[in-house]
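Q: Sharing a structure, written as structure tokens. Questions coming.
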Amino acid sequence: MTIAPEQPATFGSGGAEPYARALRHEGLLQLVRAAGAVGRPASPPAAGDRDADEPFDVARWSADADAADLTTLDAETGPVLDIGCGPARMVRAAVDRGLTVLGLDVSPTAVAMAREAGLPVAAGSVFDPLPREGEWNLALLLDGNVGIGGDPTALLTRCAEILTPTGSVVVETAPDASLDDSYEAHVVDDLGHASATFPWAEVGREALHRHARRSGLRVAQTWSVAGRTFCRLRAR
């Protein structure tokens, strides 16, 4: 009998599945450093002007894109790939602008919610084979999604592979500009239900330069809106 290989843990999956429950019921979540992991306490994956240890409301991910979000699509012509799209607010925003767009997420619940809303979203990881390899003009890593997989350099290297030669990656960075931290974490909801442990990372705008260089990219633009900071990365 062949045993299928165990799939790597991803944000909020496994355990009591608090992420899926919070998405459906718009609850609160907190990203918590796993027991035994060293370093400072984890901050929520969505960057913003909150305290680092304050729970975040996933209803924000299901709401319409806000003014800060929309700056990431300014002057964009597409196609756009939203990596870790969740319920796909940025996919909806891109569709509203007439852009070709695809959302990508490993959460079956997030994908189902987006598809129920009629949005173009695929289930899977950015490290899987993707449609339009080498043809994406913009890859989005918002809400701290540069932390996916716990290795920002590997993630940005993969993003560089799927872009057009003139394409860009827009990364939302952590509030602490110098932060560069990878660790094991889990997600806990307001009822104390915890996910399985998964690798995550947090990267500030200054530290992002190092990961960009290692992945063959450069930080070409940085801007801040409503307490959130974004960086546009292009090929060197």
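Q: Report whether or not Ala201 is out of contact with any Phe, Trp or Tyr (no Cβ under 9 Å at 6 or more places or on another chain) and not in a helix (DSSP H, G or I).
A: Criteria not met by Ala201.
Q: Which one of Ala160, Ala112, Ala122, Ala94 is free of Cβ contacts under 8 Å to residues at least 12 places away in the same chain, of a type in the set (A, V, I, L, M, F, W, C) and not in a loop (DSSP other than H, G, I, E, B)?
A: Ala112
Q: Take Met90 and tell me if it is at pLDDT 95 or above and open to solvent by less than 10 Å² (accessible area, probe 1.4 Å).
A: Yes.
Q: Give just the number: which of (1) open to solvent by less than 20 Å² (accessible area, probe 1.4 Å); (2) of a type outside the set (Asp, Glu); (3) in a helix (DSSP H, G or I) does Thr153 not satisfy?
A: (1)
Q: Which condition from (1) touching a Ser or Thr at 6+ places or on another chain (Cβ under 9 Å); (2) closer than 17 Å to Val80 by Cβ; (3) of a type in the set (A, V, I, L, M); (4) surrounded by 24 or more Cβ atoms within 10 Å (Cβ to Cβ) is the one that Ala174 breaks?
A: (2)
Q: For a quick check of your reading of the model, give me the residue pairs whose first member lies in segment 126-147 and is under 18 Å from Glu76 (Cβ atoms), whose second is loosely packed, with under 13 Cβ neighbours inside 10 Å, with beta-carbon atoms closer than 7 Å and at least 6 apart or on different chains.
A: If the second residue must be loosely packed, with under 13 Cβ neighbours inside 10 Å, the pairs left are Asn137/Thr77.
Q: Being more than 15 Å from the chain's Cα centre (by Cα), outside any strand (DSSP E or B) and within 20 Å of Leu23 (Cβ to Cβ): is that true of Gly192 here?
A: yes
Q: Restricting the first residue to segment 63-89 and requiring it to be within 15 Å of Trp136 (Cα to Cα) and in a loop (DSSP other than H, G, I, E, B), which pairs with a second residue that is open to solvent by 20 Å² or more (accessible area, probe 1.4 Å) and of a type in the set (Asp, Glu) meet a Cβ separation below 9 Å and a spacing of at least six or different chains?
A: Filtered contacts from segment 63-89: Pro79/Glu135.
Q: Tell me yes or no: at least one residue of segment 160-169 is more than 22 Å from Asp74 (Cβ to Cβ), out of contact with any Phe, Trp or Tyr (no Cβ under 6 Å at 6 or more places or on another chain) and surrounded by fewer than 18 Cβ atoms within 10 Å (Cβ to Cβ).
A: yes
Q: Picking from Asp128, Asp74, which residue would you name as being modelled with pLDDT of 95 or more, surrounded by fewer than 16 Cβ atoms within 10 Å (Cβ to Cβ) and more than 21 Å from Arg234 (Cα to Cα)?
A: Asp128
Q: Scan segment 136-150 and give yes if some residue there is at pLDDT 95 or above, of a type in the set (Phe, Trp, Tyr) and surrounded by fewer than 21 Cβ atoms within 10 Å (Cβ to Cβ), otherwise no.
A: No, that holds for no residue.
Q: Would a scan of segment 21-29 turn up a residue that is open to solvent by less than 10 Å² (accessible area, probe 1.4 Å), touching a Lys or Arg at 6+ places or on another chain (Cβ under 8 Å), part of a helix (DSSP H, G or I) and at pLDDT 90 or above?
A: No; the residues of segment 21-29 include none that is open to solvent by less than 10 Å² (accessible area, probe 1.4 Å), touching a Lys or Arg at 6+ places or on another chain (Cβ under 8 Å), part of a helix (DSSP H, G or I) and at pLDDT 90 or above.
Q: Being at positive phi and at pLDDT 95 or above is the filter; apply it to segment 189-226 and report the residue that is most open to solvent (accessible area, probe 1.4 Å).
A: The residue in question is Ala226.
The values are calculated or read from the model by the stated rules, or taken from the named source; none is laboratory data. The structure presented is a predicted model; accordingly, all values stated were derived computationally and were not measured. Note: ideal-geometry Cβ built from the backbone for every residue, glycine included; neighbour counts use all protein chains shown. These area figures cover heavy atoms from the full protein model, side chains too; ligands, DNA and RNA do not enter into them. Shrake-Rupley method; radii C 1.70, N 1.55, O 1.52, S 1.80 Å.
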